[in-house]
1. Every residue in region A:116-133 that is buried (at least 18 other Cβ atoms within 10 Å of the Cβ) and under 14 Å from A:Leu157 (Cβ atoms), please.
2. Give the residue that is surrounded by the fewest Cβ atoms within 10 Å (Cβ to Cβ), with candidates limited to residues of region B:227-242 that are closer than 18 Å to B:Arg17 by Cα and in contact with a Gly (Cβ under 7 Å, 6 or more places away or on another chain).
3. Checking B:Pro345 against (1) more than 11 Å from chain A (Cβ to nearest Cβ); (2) without any contact (Cβ under 8 Å) to a residue 24 or more places away in the chain; (3) not aromatic (Phe, Trp, Tyr): exactly one of these is not met. Which one?
4. Only residues that are part of a loop (DSSP other than H, G, I, E, B) and either within 16 Å of the chain's Cα centre (by Cα) or at pLDDT below 95 (or both): list them for region B:9-65, please.
5. Is there a residue in region B:112-125 that is charged (D, E, K, R), within 23 Å of the chain's Cα centre (by Cα), within 12 Å of chain A (Cβ to nearest Cβ) and closer than 18 Å to A:Val274 by Cα?
6. Which ones in region A:142-161 are modelled with pLDDT of 95 or more and crowded, with 18+ Cβ neighbours inside 10 Å?
7. Taking A:Asp23 as meeting all but one of (1) open to solvent by 50 Å² or more (accessible area, probe 1.4 Å); (2) of a type in the set (D, E, K, R); (3) within 30 Å of A:Ser262 (Cα to Cα), write down the number of the exception.
8. Show the residue pairs that are 6+ apart or on different chains and have beta-carbon atoms under 6 Å apart, the first residue being within region B:270-289 and closer than 17 Å to B:Ser339 by Cβ and facing chain A (nearest Cβ under 9 Å), the second being among the charged types (D, E, K, R) and open to solvent by less than 10 Å² (accessible area, probe 1.4 Å).
2 protein chains.
Amino acid sequence: MKLIEAETPRLLLDPQRLQRNIDMMAARAKDLGVTLRPHLKTPKSLKVAQCAVPDKSAPITVSTLREADYFAQGGYSDILCAAATTPNKISHANKIQRETCSRILLVTDSAEMVRAANARADELKASFEFLIEVDCGEHRSGVLPASDDLLGVADALKDASNLQLAGVMTHAGHSYTTNVRAEQGAIAETERAAVADSAASLRNAGHDCAIVSAGSSPTIMNAAHLDGVTEARAGVYLFWDLAQFSLNCCALDDIAVSVLASVIGHNRAGKSIVLDAGALAMSKDIGANNFLPDVKYGYVCDVESGAPYAGLSVHTVYQEHGIVPVPDESWFDRLPVGSQVRVLPNHSCMTCAAYDAYDVVRDGEIVEQWPRVNGW
Amino acid sequence: MKLIEAETPRLLLDPQRLQRNIDMMAARAKDLGVTLRPHLKTPKSLKVAQCAVPDKSAPITVSTLREADYFAQGGYSDILCAAATTPNKISHANKIQRETCSRILLVTDSAEMVRAANARADELKASFEFLIEVDCGEHRSGVLPASDDLLGVADALKDASNLQLAGVMTHAGHSYTTNVRAEQGAIAETERAAVADSAASLRNAGHDCAIVSAGSSPTIMNAAHLDGVTEARAGVYLFWDLAQFSLNCCALDDIAVSVLASVIGHNRAGKSIVLDAGALAMSKDIGANNFLPDVKYGYVCDVESGAPYAGLSVHTVYQEHGIVPVPDESWFDRLPVGSQVRVLPNHSCMTCAAYDAYDVVRDGEIVEQWPRVNGW
């Protein structure tokens, strides 16, 4: 299908950029001497997973049990659910394990949760492997590295007859707070040390700690080394986005997803163009604006080349309307009512979540639809 | 199913509050002497539609053709698509009309679009009815009231052999910029006058103008009268939300939807509780904070009563994590890891869009699931 015939808004995926990003990060993990466990919370798509992780026995990361279920049913068998679990999720995790024989790695930072999960596992006659979440400086969640709390959770796991300690994990989300690559590198070192030290502390106390897992796209891009880490997690690198561009983690033309939108009106008095891509189509994430305040809700790009129009971005969004101020009247001729543009997203994880599928574009035509899973 | 057994996050709907809101707005429309054309872009659910509009031949409003398709397939036959259309949507609109015999009212503010839509209709041997969008002061889109532009679009419709002028419509989105009800009332009067004057101007020029459509929840709540208006559109009143509460349009206990979330961790050092309701589960809309800066991403409420815990809101969101600072340590006992809360949304249209379905709660149990449609 030609783009101009396609109903809008819709989510476009450039498979060549995707593949380039995949190859780049695979090489990066190889250089760092770690296994890559791609975080598929960004694409939530089996077709994208097949590009990023062709070997279905290789490790992947997800953020929800719905994703775990979807990828396990799709043949993936080593799945880390990276957000801490709760007792009301244990039954679903068990169902996935039983139906698919996949290994589901759960996460917690709480001895209290370990005991509750164990009781639930007991009722279900199920067993689970856990990673302990370590706080490497973001202060969102996790026990402090090599702390008594860490050992407390590990002891609780040892006491839990249905649960097993599989290792430790951390995520340096605070790497998003700087656009200086050297500072991202320093945060990467804190992230590495947090799990490496925690693993050493667990082993010293007599615990096994096979998996030592760390990562965020900015830290993996900038780590000097990952000694003591067994696996790196990163997700947004698959598509990149304007937030990552604002952090100097990617180039604009690495961004593999965009929203195809139509011009639905000209507001000549207000000197703006109205698009059918609004708050739902773009999301209300404006994370890129911390470092690039001209991004607003996204850079507006030429529909064919995908190149940004200098100075054009979506300034205001309503549920189904996006407003693009234009510097002069000539834009009303350049972008007539009914014409199309692409808009680059602030945060691809958020923007993609509004869509059922990716429209894969080659040579200016939609050649395939790749479904994705959303919700919980 | 008991709430505590339910996997989280999920979207809860209180059907009694929904019905109360429906009855209130029906009475309001009756008082104002107008037909209510509920905007179903908020619920996007046939089950909710059946409560709000039991007579399927009665008028409804939608924001996307996917919604139009869904409601038409569900039996609704008078559907206004309230966002301006584009040529690439004409074929879908035609398919809906042919398959369901529904009346699909399209919207535009552009003579250029009228000509392009007519050419497309010609190819499809289809015909369409249009409303002309009028700008009543929001300056988002629409022609100025009773302007030459208005008459220009009407003339273009007269010249378009496959298209018919059905009337005019406007939306006073700028009613969201004040929380003073008298000011919302003044904006309601501007909204009313904009379409009433436009209808008069069209009729003077020899055009038919059967439908004179206006509305937003705040203006319909505060209009003194709607003389010259035939129908009122409003949507968010079905569920209300914290943004509308911040505008003094509803009470907290009118809000009919909330997100059920679990406590997944305690950050004792950071004095916060971690929920599994983050940016995807709540959306990143923070519209209520203009007037109520303590809302952040949503008020945290008792899971049973639904009453807000004074001082507790979701301050920070990550994709699947929500952080709730707590004033003192006692909250770690009140809300242990694994316990549940409800979170009220800033903007129900945005929050609900992340979910496939509503979990209908009666007497503390989920008694039914009502599916909804998302995307485009």
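The values are calculated or read from the model by the stated rules, or taken from the named source; none is laboratory data. None of these values were measured; they are calculated from a predicted model. Here the Cβ positions follow ideal geometry from the backbone for every residue, glycine too, while neighbour counts run over all protein chains shown. Accessible surface is based on the protein model in full, side chains and every heavy atom, while ligands, DNA and RNA are left aside. Shrake-Rupley method; radii C 1.70, N 1.55, O 1.52, S 1.80 Å.
1. Listed by number, the residues that qualify are A:Ala116, A:Ala117, A:Asn118, A:Ala121, A:Phe128, A:Glu129, A:Phe130, A:Leu131, A:Ile132, A:Glu133.
2. That would be B:Ala234.
3. Of the numbered conditions (1) more than 11 Å from chain A (Cβ to nearest Cβ); (2) without any contact (Cβ under 8 Å) to a residue 24 or more places away in the chain; (3) not aromatic (Phe, Trp, Tyr), the odd one out for B:Pro345 is (2).
4. Listed by number, the residues that qualify are B:Arg37, B:Pro38, B:Leu40, B:Lys41, B:Thr42, B:Pro43, B:Lys44, B:Ser45, B:Val53, B:Pro59, B:Ser63, B:Thr64.
5. Checking region B:112-125: not a single residue is charged (D, E, K, R), within 23 Å of the chain's Cα centre (by Cα), within 12 Å of chain A (Cβ to nearest Cβ) and closer than 18 Å to A:Val274 by Cα.
6. Hits for region A:142-161 are A:Gly142, A:Val143, A:Pro145, A:Asp149, A:Leu150, A:Leu151, A:Val153, A:Ala154, A:Ala156, A:Leu157, A:Ala160.
7. Exception for A:Asp23: condition (3).
8. none
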